[in-house]
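Everything below concerns the one structure shown next.
The values are calculated or read from the model by the stated rules, or taken from the named source; none is laboratory data. All figures in this text were calculated on a predicted structure; none of them were measured in a lab. Neighbour counts are summed over all protein chains in view; Cβ atoms, including those assigned to glycine, are modelled from backbone coordinates with ideal geometry.
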Amino acid sequence: MDTVCVSFRGPRGSGKRTRLIEELKNTAIRRGEYFSIQTGNWAIHTIKEKDLDSDCEDNGDEKNLVPYEYSHLHIGFDIARMSMQDKNVVKSILEKLGSGSQVMTGTGETAKARILVFYHAHLLGYEATIQIQAAIETLNGNLLLWFTSEDIVPLRIRDFFLEVPVAGDDYALLQTGNTTDDWISWFYTLLENLKGKNDMTGAIYVKNITYFMLQKNLRWNDMCQYLLDALLSDKLDLAPEKIKKCIDALASIDATSFGQTIPSYRIPILWQHFYMKLVDAING
């Protein structure tokens, strides 16, 4: 497995990161290397002055720092921590990894490709996905990427990847004794509150809840998944035909898959337009 790019795909909380770390440990054993994960801060604008095998602490602006983990075998980043600047961070990572000794581990004929890990890779935007495609093609096997993702790998890079399914429930919620997610509960209430919201009343309500979700930094992809989970739950008090109309509205929207980006000027417009569709579906 340490000679191919891999995407560990499964639902939220199913243990994809745990599975990936286990495979890294097994790979380290096969290579005869010591495996220990350390953490540091990646400085976007000062990467040439930093060494990946150091802690990379930086005294600059915090907005230019991205937490990451590393070992002798891999370097790991969480896309969920990059906000909408993933294309800038991914560019700086690939520029550093594409030069010098950072591409490989070991020496001579025993050298192996270093593994670049992206957690929550389904949140990668369009530009970052193109950058990854160019890096894979340019480095020609000298760079391996491992993903954890809730979605299938985009078509433009799918041929490079082996997808490993990871099934299971949301272990994090089960460990806390909860059986529902707070956001899913919030969407139950939202769908109930959309009943009877027509005309200007519905428009004002949609505007308020849209900006609430944006202020809470809820991503478009995550919103679509939470809403789908709420619509498919038997806890929702809606007629089957109305639920079907809501799912049809959800299926009609764009920019919901791995490698898609919504232009910033479209974000509030797209959210509000979609929720007005839900108002029509529920009250039509």
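Descriptive notes on the structure:
- Which listed residue, of 151, 199, is surrounded by fewer than 12 Cβ atoms within 10 Å (Cβ to Cβ) and at pLDDT below 90: 199
- Hey, residue 69 under 20 Å from residue 123 (Cα atoms) and at pLDDT 90 or above or not: yes
- Screening the candidates 218, 278, 270 for the property of being assigned to a helix (DSSP H, G or I) and within 25 Å of the chain's Cα centre (by Cα) yields one hit, 270.
- Whenever a residue of the stretch 1-29 is farther than 20 Å from residue 143 by Cα and part of a loop (DSSP other than H, G, I, E, B), its partners that are modelled with pLDDT under 90 and aromatic (Phe, Trp, Tyr), lying with C-beta atoms within less than 7 angstrom and at least six residues away or across chains, give the pairs 13/171; 15/171.
- Criterion: farther than 20 Å from residue 32 by Cα, over 15 Å from the mean Cα position of the chain (by Cα) and modelled with pLDDT of 85 or more - qualifying residue of 128, 134: 134
- The set of residues in the stretch 181-196 that are modelled with pLDDT of 80 or more, surrounded by 14 or more Cβ atoms within 10 Å (Cβ to Cβ), of a type outside the set (A, V, I, L, M, F, W, C) and in a loop (DSSP other than H, G, I, E, B) is empty.
- Some residue of the stretch 75-87 being modelled with pLDDT of 85 or more and among the basic types (Lys, Arg): no
- When residues in the stretch 235-247 are screened for being more than 19 Å from residue 269 (Cα to Cα) and part of a helix (DSSP H, G or I), 7 of them pass.
- Odd one out for residue 259 among (1) assigned to a loop (DSSP other than H, G, I, E, B); (2) surrounded by fewer than 18 Cβ atoms within 10 Å (Cβ to Cβ); (3) small (Gly, Ala, Ser): (2)
- Among (1) at pLDDT below 90; (2) over 19 Å from the mean Cα position of the chain (by Cα); (3) assigned by TED's automatic domain parsing to the domain that holds residue 119 - the single one residue 236 does not satisfy: (3)
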